[in-house]
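Student: Attaching a single structure in structure tokens format; questions to follow.
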Amino acid sequence: MRVPETGILWLRRDLRLADNPALLEAVTTCAQVLPLYIHCPGEEVPWTPGAASNWWLHRSLTALDQSLRERGSRLAIERGESLETLVRVARGVGATRVFWNRLYDPATRERDARIKVALRGQGLECRSHKAALLFEPWEVRTGAGESYRVYSAFWRRCAPGLRELVPLAAPEGLPPAPEYPGTDLGVLGLLPRIPWDQGLRERWQPGEAAALARARSFIAQGLAGYGQQRDWPAIAGTSSLSPYLHFGEIGPRQVLALIAEQHVDLQGPVEAYVREILWREFAYHLLYHFPATTDQPLDPRFTRFPWREDRDGILLRAWQRGRTGIPLVDAGMRELWRTGWMHNRVRMVVASFFTKNLRLPWQQGARWFWDTLVDADLASNTLGWQWSAGCGADAAPYFRIFNPVRQGERFDPEGAYVRRWCPELARLPAKYVHQPWSAPAPVIQGAGVRLGLDYPHPVVDLGQSRAQALDAFESIKVT
């Protein structure tokens with residue numbers, strides 16, 4: 001007679017019950033399953049999670065534990081080196097199998113490969129699954145057998161198969177978890193010691209239930225107008241699902257399935273959003289095939305690019321604090337600090353300003369986003385910053401430099417977004433709110449603004465810095 005088996009479900013960035021293939025295999029093959037989260041940020045060096053990510057993680061783990069308990073299970077938490085912990089826990093509960101869903105970051109890929117070999121050497125059966133992506137990076141190739149580096153071609157290759165992707169239902173019940181003490185979540189120290197997180201608490205509710213509610217609300221109320229409204233930072237025109245997708249509280253298959261419930265196909269007015277889901281996929285595939293791009297430009301010419309020397313960090317700090325004197329840039333950076341998130345159109349503007357007007361290395365900007373975004377995702381962050389800097393796959397040409405004044409006048413014409421995050425400019429007329437330095441003295445005085453005191457003068461001249469950026473690019477062009 002076969003002895004009932006005990007399995008470990010090793011949870012990472014798949015903090016959900018629905019569409020979780022590792023969970024489904026575990027509960028259908030084992031009499032007991034221990035859901036286990038191991039806190040091991042040192043294994044993700046040099047990209048250990050930032051403060052905003054840790055804030056989200058704490059609440060997401062709390063929500064997951066509650067969901068598991070409602071179904072007769074619970075979440076065990078440990079901290080320490082992953083392999084040693086898995087072996088120790090497996091021995092402690094008598095587990096014979098370990099299940100997990102794959103990660104694709106360079107450090108975690110290498111680690112997981114080592115762990116799989118080592119666990120099998122210990123006699124444990126290991127099973128890994130696809131949960132974070134729609135297609136595995138090794139499944140999508142060009143006709144020449146190479147990885148895609150242009151998004152439009154990647155889209156054409158992947159789009160026809162989207163309707164065939166069906167998410168898995170959450171198990172109605174779960175087998176009991178074996179007795180195991182684990183560690184208290186609070187011991188991990190994920191929450192800030194100094195309460196800087198009020199804005200995050202006001203803006204976000206992490207967890208699988210919140211992810212599903214947000215997705216359903218957006219699809220029902222905002223998806224049809226997404227193509228027109230996504231560029232307007234003053235309104236809630238985007239889904240805000242990126243942090244939920246990063247932590248795996250919802251999966252991309254689930255999002256597509258929810259869209260398909262209300263739309264006959266994935267084209268027409270919904271295609272603009274579906275393309276964003278595939279853009280995220282494109283980012284992961286690029287990182288898989290070009291792991292060095294987290295720190296090195298994909299375009300080798302940019303290894304010679306003459307970035308500005310900011311020895312005292314004056315320009316970097318002005319940008320980080322939303323004190324550049326460029327209202328749309330400052331509004332975005334303040335929104336980021338307050339809420340852990342920034343509107344996508346504004347992300348492009350602040351990144352273009354950073355890499356082209358300030359001419360600071362894109363890696364520094366990527367690092368700041370990594371620490372302050374609740375949706376800090378290595379693949380998306382890398383692709384976005386290399387795109388903005390002009391040195392990555394499918395990148396915006398370096399000579400495409402966003403003018404933050406023109407961008408503000410076009411996408412925030414009344415200045416509602418700037419007025420919200422830069423309240424010192426709130427009384428300026430719309431004509432000047434995106435360029436207060438151009439306002440006549442009586443207008444500035446009437447609005448109660450003292451440039452250089454209440455609000456800074458621009459740290460760079462937009463026209464002059466644009467010309468300098470173009471000259472810098474000319475210096476690395478290959479003739």
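Readers should treat all values here as calculations from the given coordinates under stated rules, not as data from a laboratory. It should be emphasised that the depicted structure is a prediction, and the values quoted were computed from it without experimental measurement. Virtual Cβ from ideal backbone geometry, glycine too; neighbours counted across all protein chains shown.
Student: Would you work out the charge dipole size for the range 6-132 about its Cα centre, treating the Cβ of every Lys and Arg as +1 and the Cβ of every Asp and Glu as -1, and quote it to the nearest 20 debye?
Tutor: The calculated dipole for the range 6-132 is roughly 180 debye.
Student: Let me ask another. Apply the a/c threshold of 1.5 to the C-alpha gyration tensor of the range 372-423 and tell me whether it is rounded, prolate or oblate.
Tutor: Oblate.
Student: Report, in debye and to the nearest 20, how large the dipole of the chain comes out about its Cα centre when Lys and Arg carry +1 and Asp and Glu carry -1 on their Cβ.
Tutor: 580
Student: Still on this structure, I have one more. Kindly point out which whole DSSP H helices in the chain project their C-alpha atoms 15 angstrom or further along the helix axis while averaging a Kyte-Doolittle hydropathy of -0.5 or above.
Tutor: Counting only whole DSSP H runs, the qualifying helices are 82-93, 208-221, 252-262, 271-289, 327-339, 378-389, 462-474.
Student: Most exposed first by the Cβ proxy, i.e. fewest other Cβ within 10 Å, how do S73, S67, S475, S147 rank?
Tutor: S475, S147, S67, S73
Student: Report Rg(Cα)/(2.2 N^0.38 Å) for the range 185-332, keeping two decimals.
Tutor: So the Cα radius of gyration is 1.32 times the expected 2.2 N^0.38 Å.
Student: Averaged over all directions, how much area does the convex hull of the C-alpha atoms of the range 6-132 cover when projected, in nm²?
Tutor: Mean shadow area of the hull around the Cα atoms is 7.2 nm².
Student: Kirkwood Rh, Cα Rg: Rg to Rh for the range 400-460?
Tutor: 0.95
Student: Going by a ≥ b ≥ c, the root eigenvalues of the Cα gyration tensor, does the chain fall in the rounded group (a/c under 1.5), the prolate group (a/b larger than b/c) or the oblate group?
Tutor: Because a/c hits 1.5 or more and a/b exceeds b/c, the chain counts as prolate.
Student: Shifting gears a bit: Would you mind working out the magnitude of the charge dipole of the range 300-474 relative to its Cα centre, with +1 at each Lys and Arg C-beta and -1 at each Asp and Glu C-beta, to the nearest 20 Debye?
Tutor: The dipole magnitude comes to about 140 debye.
Student: Could you work out the relative contact order of the chain, using alpha carbon pairs under 8 angstrom and six or more residues apart, expressed as a whole percent?
Tutor: Relative contact order for the chain comes out at 17 percent.
Student: Also, I was wondering about something else. Give the order of R69, R347, R275, R16 when sorted by the count of other beta carbons within 10 angstrom, beginning with the fewest.
Tutor: So the ranking, lowest neighbour count to highest, is R69, R275, R347, R16.
Student: Right, next: Assign one of three labels to the range 300-474, namely rounded, prolate or oblate, based on the Cα gyration tensor with a ≥ b ≥ c the square roots of its eigenvalues; rounded applies when a/c is under 1.5, prolate when it is not and a/b is larger than b/c, and oblate otherwise.
Tutor: prolate
Student: Still on this structure: Of T62, C40, A131, which is farthest along the charge dipole of the range 6-132 in the positive direction, counting Lys and Arg as +1 and Asp and Glu as -1 at C-beta?
Tutor: A131
Student: Cβ neighbours within 10 Å, averaged per peptide: list 279-285, 185-191 in order, most packed at the top.
Tutor: 279-285, 185-191
Student: Where does each of T85, T303, T62 land when they are ranked from fewest to most other beta-carbon atoms within 10 angstrom?
Tutor: Ascending number of Cβ neighbours within 10 Å: T303, T62, T85.
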